[in-house]
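Single-structure report; data block below.
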Amino acid sequence: MRVMVLGGDGFCGWPTSLYLSDRGHEVTIIDNLSRRKIDVELEVESLTPIRPVSERIGVWEEVSGHAVGFVNLDLATEYDRLVAVLEKIRPEAIVHFAEQRAAPYSMRNTHTKRYTVDNNVRATHNLLTALVATGIDASLVHLGTMGVYGYGWSGSAPIPEGYLTVKVPTPDGEIEREILHPANPGSVYHMTKTLDQLMFSFYAKNDGLRITDLHQGIVWGTQTDQTSRDERLINRFDYDGDYGTVLNRFLMQAAIGHPLTVHGTGGQTRAFIHIRDTVRCIEIAINNPPLAGDKPRVLNQMTETHRVLDLAKMVADVMGADIAYLPNPRREADENDLAVRNDQFLALGLKPTTLSEGLLEEGRLVAARYRDRVDPSKIVCRSVWRAGMETADDLVTELPAQA
Ligand SMILES: NC(=O)c1ccc[n+]([C@@H]2O[C@H](COP(=O)([O-])OP(=O)(O)OC[C@H]3O[C@@H](n4cnc5c(N)ncnc54)[C@H](O)[C@@H]3O)[C@@H](O)[C@H]2O)c1
C-alpha cells in the first residue's frame, strides 16, 4: 500500500514508518520537525541520540533496501502544499500522528495552550478537508488517546471502544441510541483529541471518509526490530518533565540513580502499550478500514492497565531505586480504577506484549548507555495545571557516579 505517515519523525511515527516499510508498504513521511524544535525551546534532548531525519532515512535505505520518502510540511498552516502532496502521492492509507502530544506542555502557559489547539485542530481539519477536496479515497488512521474518556467517570464499568449505548426518554417511550462516549478531557492536549473525534464523526457522516480513531494508552519501550538494526536508526526517548511518559521516565530514573518521581499518591491507574505493539496495531488498522458511510471505527489501542505506584514499586524492586512522592502538577483524582475493552484488536490478531522484566531490562540498558546525555534539571515536572500549584525542587543536581 502507498502509506503517508504524518508525524513520521516522532516517537511513534518513526518506528511505525520503518515497520510498514519493512513489511513492503511504500511509505512517505510528512513532518514539520516541530517536535525537534520544541526540544530546542525546552533546552532538552532525547535521551537517545536521534539522527537528522534525512540521515536516518538514508541509513534505513542502506540497511533495508527500502526507500522512504520525506516531505517537510506543516499540516496546520500549509494547506495548499498538503493538497499538492496528496495529489502527487495518492496514498491508499494515511496514518496521522502529527499533533503536539504532551499534556504537561499543553498546560505550560498561554502560548503552549494556544499552540496545541491551533496546531492539532487545524492539522486534523486541514487533512479532512484536503481529502474531501481532492477526492482521494485513502483510509485515515488517527492516533487519539485513552485520555478522551477521562478517568473514573463510568465507575467500575469497563471503558467501551468509542461508543456508548444510551436510552433516550421520548413521549413514545425509550429509544436506544449509540453515542460517542462522553468526552472528559483532563488537559488542553486531551481536549484537542476530543475535538478531533467530532470532526471525524462529521466528515465520516457527511463525506463518507473512512476513518479509524485509535485511542492509545501510554506508550513505553524504545526500540523495535527495525530501529535496532543500526544505532543511527535509534528511536527517540523523552525523559523530561513535559514529554517523558511515566514508565520510560521510571526506567531512566532508576538507570541513572535518580529517585522515581511519583506524583501524589501514585494511585492513578493508566492504560499502557509497548511501542512494538503500537506499530503492529497501526498495520492491523490500515488493513481493516471501515467502509465509506460507516461511522468512525474506534479501537482502544492498549494492552494492560497499571497503577502508577505499582509500576514504580516494580521498577524499584527490579532495578533498585528509591521512590519520591512529589506534589501532583495535574488536576486529577488521586486514585482511580480503570478497566478497558480492547476486544477489537485482540479479535484482529494482536498478541499483546505485556510488561516483563526482559522489556524493562531493554529500557534500563538504553538509559544506562546514554545516561551522560541526561540533564537532571529537566527531570522534575514543572508544568502545572493551574498557576500557583506547588512543584518540587530538583531531587538531584548532579548525576550520581555510574554504578
Ligand atoms: N507517546 C505516547 O505515549 C502516546 C500515547 C497516546 C497517544 N499518542 C498519540 O500518538 C501520536 C504520536 O505521538 P508521539 O509520542 O510519537 O509524539 P511525537 O511528538 O514524538 O511525534 C509527533 C510528530 O508530529 C510532528 N508534527 C506535529 N505537528 C505537526 C504539524 N503541524 N505538521 C507536521 N508535523 C507535525 C512532530 O514534529 C513529531 O515528529 C500523537 O498524536 C499522540 O497524541 C501518543
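Give me the net charge for the shell around residue 390: Cβ to Cβ below 13 angstrom, other residues only, Lys and Arg +1, Asp and Glu -1. Present the calculation step by step, with values, prior to reporting the outcome.
Working: positive: 330, 331, 382, 386; negative: 393.
My count for the surroundings of residue 390 gives +3.
The 3J(HN,Hα) values that the Karplus relation (6.51, -1.76, 1.60; θ = phi - 60°) gives for region 141-146 are, in residue order, 10, 10, 8, x, 9, 4 Hz. Gly and Pro appear as x.
Could you tell me the convex hull volume per residue, in Å³, taken over the Cα atoms of region 304-403?
On the way: hull volume 15.5 nm³, N = 100.
Taking the convex hull of the Cα positions in region 304-403, it is 155 Å³ per residue.
Values of log10 I(q)/I(0) for region 244-363 across q = 0.21, 0.23 Å⁻¹ run -1.17, -1.29, by the Debye formula with one identical scatterer at each alpha carbon and no solvent. Projecting the Cα atoms of 279, 326, 384 onto the charge dipole of the chain, computed from C-beta unit charges around the Cα centre, puts 384 farthest toward the positive end. Treating each Cα of region 98-216 as one equal point scatterer and applying the Debye formula with no solvent, the log10 of I(q)/I(0) at q = 0.12, 0.14, 0.17, 0.18 Å⁻¹ comes out as -0.51, -0.68, -0.92, -0.99. Reported value for the chain: 141 Å³ per residue, from the convex hull of its C-alpha atoms. Compared with the rule-of-thumb size 2.2 N^0.38 Å for a compact globular protein, region 67-120 has a Cα radius of gyration ratio of 1.40. From the alpha carbon centroid of region 85-150 to that of region 332-361 is 24 Å. Farthest towards the positive end of the charge dipole of the chain, among the residues 29, 42, 125, is the Cα of 125, using unit charges on the Cβ of Lys, Arg, Asp and Glu. For region 222-234, 3J(HN,Hα) computed residue by residue from phi via the Karplus equation (6.51, -1.76, 1.60; θ = phi - 60°) reads 10, 9, 10, 4, 7, 5, 8, 6, 7, 4, 6, 9, 3 Hz, glycine and proline entered as x.
Taking the charge dipole of the chain about its Cα centre, with +1 at Lys and Arg Cβ atoms and -1 at Asp and Glu Cβ atoms, the residue from 316, 201, 264 reaching farthest to the positive side is 201. Computed over neighbours whose Cβ is under 13 Å from that of residue 238, the net charge equals +2, Lys and Arg +1, Asp and Glu -1. Lys and Arg at +1, Asp and Glu at -1: add these up for the other residues within a Cβ distance under 14 Å of residue 179 and post the number. Summing Lys/Arg as +1 and Asp/Glu as -1 gives +1. Normalised by the number of residues in the chain, the average gap of Cα pairs under 8 Å and 6 or more apart makes the relative contact order 19 percent.
Just how large is the dipole of the chain about the Cα centre, in debye to the nearest 20, putting +1 at every Lys and Arg Cβ and -1 at every Asp and Glu Cβ?
Working: 42 positive and 54 negative charges, 78 e Å.
Rounded to the nearest 20 debye, it is 380 debye.
Once the C-beta distance of residue 174 and residue 205 is scaled by a Förster radius of 41 Å, the resulting FRET efficiency is 0.95 to the nearest 0.05. When we measure straight from the Cα of residue 378, which lysines land under 29 angstrom away, once same-chain ones fewer than 8 places off are left out? Within the straight-line cut-off, residue 378 pairs with 37, 113, 193, 313.
So for each of 153-159, 325-331, 281-287 I average, over its residues, the number of other beta carbons within 10 Å; can you give me the resulting order with the highest mean first?
On the way: 153-159: 13.1, 325-331: 17.3, 281-287: 21.1.
My ranking of the peptides, most packed first, is 281-287, 325-331, 153-159.
Read-outs throughout are calculated quantities, based only on the coordinates presented, and are distinct from any laboratory measurement. What you are looking at is a predicted structure, and each value in this text was computed from that prediction instead of being measured. So basically every Cβ, Gly included, is an ideal-geometry build from the backbone, and we count neighbours across all protein chains shown.
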